[in-house]
Amino acid sequence: MTRAQRTLTIYTQERGAELGDLFGIFFEDLNHAADGGLYAELVQNRSFEFDPIDRAEYHALTAWEKIERGGGKAEINVEDSHPLNPRNLHYVAIDIVSEGGGVGMMNLGFNSGIPAKQGETYLFSVYARRDASFDEPVVVTIEGTDGTVHGEATIVVQSSEWTQYAATITANATDTSSRLVIVTKGKGKLYLDMVSLFPEKTFRNRPNGMREDIAALLADLKPKFMRFPGGCLIHDGSLNPDDRDSMYRWKNTLGDIAQRPARRNNWSYNQTLGLGYYEYFLFCEDIGAKPIPILPGGYDPHHKRIVPIDELQPWIDDALDLIEFANGDPSNEWGAIRAQLGHPEPFGLEYVGIGNEEVGEPFFERYPYFHRAIKEKYPDIKIINSAGPFAAGSEYDRGWKSAKENKSDLVDEHYYQSPEWFLANYNRYDTFKADEPKVFLGEYASWGNTYYNALVEAAFMTGLEKNAHAVGLACYAPMLCNVDYINWKPDMIWFNNHEVYGTANYYVQKLFMHHQGDQLLKIEAYGLDEKQENTMKPINGAFALETDRCSFRFWDMKLVNNDSGEMKELNGLSAELSDTDEDRLGGTSLRTLDLGETDWENYTLSLKAQKISGPKGFNLYFGKRDDNNQLIWDFGGWQNQDSALCSSMNGRTSCLTQSIFNVEPDMEYELTLEVSGRQIRAWINNVLFHDTEDKLPVIEPLYYSASYERSTGDVIVKVVNVQENSVSAQIALADLHKTSLTVEVNEMSDHAPDDENTFASPERVSPKQKEFSTVGCSFHYDFPKHSITVFRVR
Ligand code: AHR
């Protein structure tokens with residue numbers, strides 16, 4: 001194909017689907033995204049409420065150390081007999097035994113400590129009281145680990161009742177490993193609670209606000225929306241809102257931070273709820289993103305906690321009240337609360353989601369009650385249903401069925417997959433219909449933060465954009481990660497206590513958000529149809545069994561060639577695996593077993609299995625080339641709640657399809673796995689459970705989409721080249737009637753596939769901008785190998 005023959009023609013007057021609020025962000029307090037992250041509080045465990053329920057090693061004095069200087073001696077006790085308030089029970093009593101050079105406590109902050117910055121002012125506050133014999137000033141310093149004082153303030157505690165005291169401290173040095181030190185002298189007892197230190201400079205100078213650098217990176221994205229507060233954190237919890245480990249109940253997150261209950265965050269830490277719903281709505285307003293709150297639907301699929309239908313009303317009221325809190329007139333109950341908090345104007349909420357990654361009938365029985373009540377009172381609010389944690393399978397189908405039956409506005413899909421999966425599924429939404437609920441791709445990422453991951457995601461995002469008739473919203477997940485508290489990776493933005501950087505994936509998201517446009521434009525390709533087929537066609541190779549802390553018996557293990565009828569016994573028909581805790585202790589563990597291999601392309605493997613003991617099921621590997629390239633039937637996976645077929649390519653696993661399934665002890669299971677080319681079907685006890693295709697990536701010559709932006713009149717064209725060679729094409733803008741064009745080019749290229757950003761090189765992988773003019777309405781462009789190019793044509 002010659003250069004001139006390859007053309008992308010953009011029909012600038014043929015406008016299609018609205019792109020609306022397509023690209024936004026997802027926030028969940030995992031990886032210390034809020035506390036020790038976006039929420040600017042510098043003190044860790046400020047109200048002495050940390051508890052082993054949050055994390056086994058936590059206690060009320062986590063992140064605090066006693067100080068006894070120059071022969072001083074004190075007893076520090078955590079007490080709860082005279083609490084600050086009923087939701088904030090614990091406080092410390094510093095009992096001065098002998099004053100010496102001063103006694104007290106210091107807080108270690110997050111990461112390496114309190115990040116003091118020279119010249120910056122910090123707002124210290126504390127609730128304190130004293131006993132009758134204590135009568136000395138309290139000195140508060142920001143200090144280095146060697147005791148060097150970087151800034152100081154003094155407070156005088158005058159009352160025996162809880163009183164809030166505040167002071168400012170200006171740092172005279174930069175030291176990212178500082179401590180907040182509270183020291184006093186004299187005699188008697190000093191009581192402290194809610195010890196807080198905020199930088200004076202928060203994002204937009206909000207009190208109780210956001211860390212400026214992280215917030216700025218988010219604002220820079222220009223997201224159309226922000227989903228909050230998760231994630232699994234929404235529904236992984238108990239039903240009683242007063243429980244420490246309750247589901248996320250938004251009413252607990254409002255008002256005075258000293259009155260907010262401590263919460264067990266299901267990501268194994270403590271959540272102060274300092275970044276609550278009001279702060280969230282305000283932050284959305286500050287960064288120009290529409291809020292998308294997600295509420296629990298009265299069902300915890302992780303622990304099967306279920307609100308009886310006749311007790312569902314308070315949960316539905318929570319949803320209605322949240323909408324009133326966001327949008328209601330201050331003359332209404334919740335509108336008045338918003339006004340009291342300082343925001344009489346409505347926040348303009350348009351969307352609400354019910355449920356996150358819901359699996360199981362109980363959710364879908366409950367969803368219609370929420371849906372009906374919300375639509376009846378607020379017909380304009382768009383409601384988001386949930387399609388489970390995977391890209392396909394029975395729970396995904398159940399979510400979509402419910403969404404269609406209830407006429408949900410959107411359905412929340414989630415998937416974390418290999419880069420190859422994203423390329424293979426670039427056309428995923430081509431067949432979705434415009435008159436059905438729209439897709440909210442509420443969580444997605446390819447496994448990794450390299451440039452290649454970002455490149456592949458960009459290609460996939462052109463597929464989202466070109467299907468804007470069906471895809472309404474999409475956000476990469478997770479968004480934030482503190483490098484010292486990792487629950488999940490990859491993540492879009494990484495930070496420690498004083499630095500932050502956006503990954504390659506961040507810069508792709510930013511490109512797509514900055515250059516989203518408002519309406520799709522028709523785009524036609526000529527000469528760009530020579531796809532690169534993947535040559536690794538058949539699913540064949542080795543078979544193996546593996547279990548994890550379980551004991552299983554297998555028999556009647558056979559492999560039949562479906563072309564020739566030939567039959568092979570596997571492992572002499574039978575086997576046993578035993579990897580229980582006892583086996584591990586006794587050194588008798590047999591965890592994996594090879595079953596041989598085949599080069600057949602169409603075959604059926606069958607076996608019978610019985611669980612003797614253990615909490616889960618087992619894995620059956622097939623099509624195994626090596627440990628990084630194989631298919632997996634995960635039978636009784638994830639808390640023994642799933643049966644799933646997964647495909648691992650280059651060490652990164654994609655769940656192809658999942659259904660709910662529980663492997664019971666002693667039951668005999670007959671499993672049948674049929675492989676026909678890339679098609680895989682699996683039966684459990686003669687019931688078809690899975691029917692899927694492990695698609696191989698088909699590399700398109702170029703991935704592209706085009707849109708029109710109303711405010712500027714610009715035509716935006718996005719082109720992604722994932723190939724290892726450059727691709728040239730003519731870009732023609734039809735029906736523009738101009739003699740020349742100015743073309744702004746925003747491009748990511750010249751990066752190796754493995755390149756990543758780091759603290760040291762935070763923008764190593766990021767776009768570059770250039771501009772050129774054309775004569776006439778078309779131009780020739782060489783799309784570099786591995787490139788993402790966004791043209792703004794005016
Ligand atoms: O994004 C991390 C987690 O992935 C979310 O909490 C959950 O919804 C998904 O399983």
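The table for this structure:
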{"quantity": "Answer from Ile632, Ile612 - the residue that is in contact with a Lys or Arg (Cβ under 8 Å, 6 or more places away or on another chain) and of a type in the set (Val, Ile, Thr)", "calculated": "Ile612"}
{"quantity": "Pair list, Cβ < 6 Å and 6+ apart or interchain, from the stretch 226-243 residues that are in the same structural domain as Ile384 (by TED's automatic domain parsing) to residues that are assigned to a strand (DSSP E or B) and away from the ligand (no atom under 16 Å from the Cβ)", "calculated": "Gly237/Ser246; Ser238/Ser246; Leu239/Arg305; Asn240/Ser246"}
{"quantity": "Strands (runs of 3 or more DSSP E) wholly inside the stretch 523-632 containing at least 2 residues that are touching a residue at least 60 places away in the same chain (Cβ under 8 Å) and more than 30 Å from Ala468 (Cβ to Cβ)", "calculated": "541-547, 551-561, 602-613, 618-626"}
{"quantity": "Pairs, first farther than 21 Å from Asn425 by Cβ in the stretch 700-716, second in a strand (DSSP E or B) and among the polar types (S, T, N, Q), C-beta under 6 Å, six or more apart", "calculated": "Tyr708/Gln519; Val715/Thr12; Ile716/Ser707"}
{"quantity": "Complete set of residues in the stretch 64-88 that are within 23 Å of Asp256 (Cβ to Cβ) and either over 33 Å from the mean Cα position of the chain (by Cα) or surrounded by fewer than 20 Cβ atoms within 10 Å (Cβ to Cβ) (or both)", "calculated": "Val78, Glu79, Asp80, Ser81, His82, Pro83, Leu84, Asn85, Pro86, Arg87"}
{"quantity": "Some residue of the stretch 382-394 being within 25 Å of Gly20 (Cα to Cα), at pLDDT 95 or above, touching a strand residue (DSSP E or B) at 6+ places or on another chain (Cβ under 7 Å) and surrounded by fewer than 21 Cβ atoms within 10 Å (Cβ to Cβ)", "calculated": "no"}
{"quantity": "Per-region count, the stretch 354-365, residues surrounded by fewer than 24 Cβ atoms within 10 Å (Cβ to Cβ) and assigned to a helix (DSSP H, G or I)", "calculated": "4"}
{"quantity": "Residue in the stretch 315-324 that is farthest from Lys377 (Cα to Cα), counting only those that are surrounded by 14 or more Cβ atoms within 10 Å (Cβ to Cβ) and without any contact (Cβ under 8 Å) to a residue 60 or more places away in the chain", "calculated": "Trp315"}
{"quantity": "Flag for Lys718 being on the phi < 0 side of the Ramachandran plot, of a type outside the set (Asp, Glu) and not in a loop (DSSP other than H, G, I, E, B)", "calculated": "yes"}
{"quantity": "Residue ID - surrounded by the most Cβ atoms within 10 Å (Cβ to Cβ), chosen from residues in the stretch 1-51 that are part of a strand (DSSP E or B) and among the acidic types (Asp, Glu)", "calculated": "Asp35"}
{"quantity": "Subset of the stretch 411-439 that is in contact with a Pro (Cβ under 7 Å, 6 or more places away or on another chain) and within 16 Å of the ligand (Cβ to nearest atom) - its residue that is nearest to Asn628 (Cα to Cα)", "calculated": "His414"}
{"quantity": "Ser178 vs. criteria over 17 Å from Tyr127 (Cα atoms), in a strand (DSSP E or B) and within 36 Å of the chain's Cα centre (by Cα)", "calculated": "yes"}
{"quantity": "Scan of the stretch 760-787 for residues that are polar (S, T, N, Q), under 32 Å from the mean Cα position of the chain (by Cα) and assigned to a strand (DSSP E or B), ordered by number", "calculated": "Gln769, Ser787"}
{"quantity": "Subset tally (residues that are acidic (Asp, Glu) and at pLDDT below 95) for the stretch 732-778", "calculated": "0"}
{"quantity": "Qualifying residues in the stretch 238-277 (those that are over 14 Å from Ala34 (Cβ atoms) and hydroxyl-bearing (Ser, Thr, Tyr)) - the one farthest from the chain's Cα centre (by Cα)", "calculated": "Ser238"}
{"quantity": "Flag if Tyr280 is assigned to a loop (DSSP other than H, G, I, E, B) and either within 15 Å of the ligand (Cβ to nearest atom) or under 21 Å from Leu341 (Cα atoms) (or both)", "calculated": "no"}
{"quantity": "Identity of the residue in the stretch 440-456, among the aromatic types (Phe, Trp, Tyr) and within 13 Å of the ligand (Cβ to nearest atom), that ends up surrounded by the most Cβ atoms within 10 Å (Cβ to Cβ)", "calculated": "Phe440"}
{"quantity": "Residues satisfying the stated conditions in the stretch 399-439, i.e. surrounded by fewer than 22 Cβ atoms within 10 Å (Cβ to Cβ), more than 23 Å from the chain's Cα centre (by Cα) and over 23 Å from Leu19 (Cβ atoms)", "calculated": "Lys401, Lys404, Glu405, Asn406"}
{"quantity": "Total residues in the stretch 71-104, condition of a type in the set (A, V, I, L, M, F, W, C) and in contact with a Pro (Cβ under 7 Å, 6 or more places away or on another chain)", "calculated": "1"}
{"quantity": "Positions within the stretch 362-378 being touching a residue at least 24 places away in the same chain (Cβ under 8 Å) and of a type in the set (Asp, Glu), in sequence order", "calculated": "Glu365"}
{"quantity": "Residue within the stretch 300-314 that is farther than 21 Å from Arg206 by Cα and crowded, with 21+ Cβ neighbours inside 10 Å present", "calculated": "yes"}
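So that you can scan it fast, the table gives a plain yes or no per residue for (1) among the aromatic types (Phe, Trp, Tyr); (2) modelled with pLDDT of 95 or more; (3) surrounded by 24 or more Cβ atoms within 10 Å (Cβ to Cβ):
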| site | (1), (2), (3) |
| --- | --- |
| Ile234 | no, yes, yes |
| Pro241 | no, yes, no |
| Asp245 | no, yes, no |
| Tyr248 | yes, yes, yes |
| Lys251 | no, yes, no |
| Arg260 | no, yes, no |
| Thr272 | no, yes, yes |
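To keep it simple, each residue is scored yes or no on (1) within 16 Å of the ligand (Cβ to nearest atom); (2) of a type in the set (D, E, K, R); (3) under 19 Å from Pro314 (Cβ atoms).
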residue: Pro344; (1), (2), (3): no, no, no
residue: Phe347; (1), (2), (3): no, no, no
residue: Pro362; (1), (2), (3): no, no, yes
residue: Arg366; (1), (2), (3): no, yes, yes
residue: Tyr369; (1), (2), (3): no, no, yes
residue: Tyr378; (1), (2), (3): no, no, yes
residue: Phe390; (1), (2), (3): yes, no, no
residue: Tyr396; (1), (2), (3): yes, no, no
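Let's see how each residue does on (1) within 16 Å of the ligand (Cβ to nearest atom); (2) farther than 15 Å from Leu22 by Cβ:
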| residue | (1), (2) |
| --- | --- |
| Leu473 | yes, no |
| Cys481 | yes, yes |
| Met492 | yes, yes |
| Gly502 | no, yes |
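The values are calculated or read from the model by the stated rules, or taken from the named source; none is laboratory data. The structure displayed is predicted, hence computed values, not measured ones. As a convention, Cβ positions derive from the backbone with ideal geometry for all residues, glycine included, and neighbour counts pool all protein chains shown.
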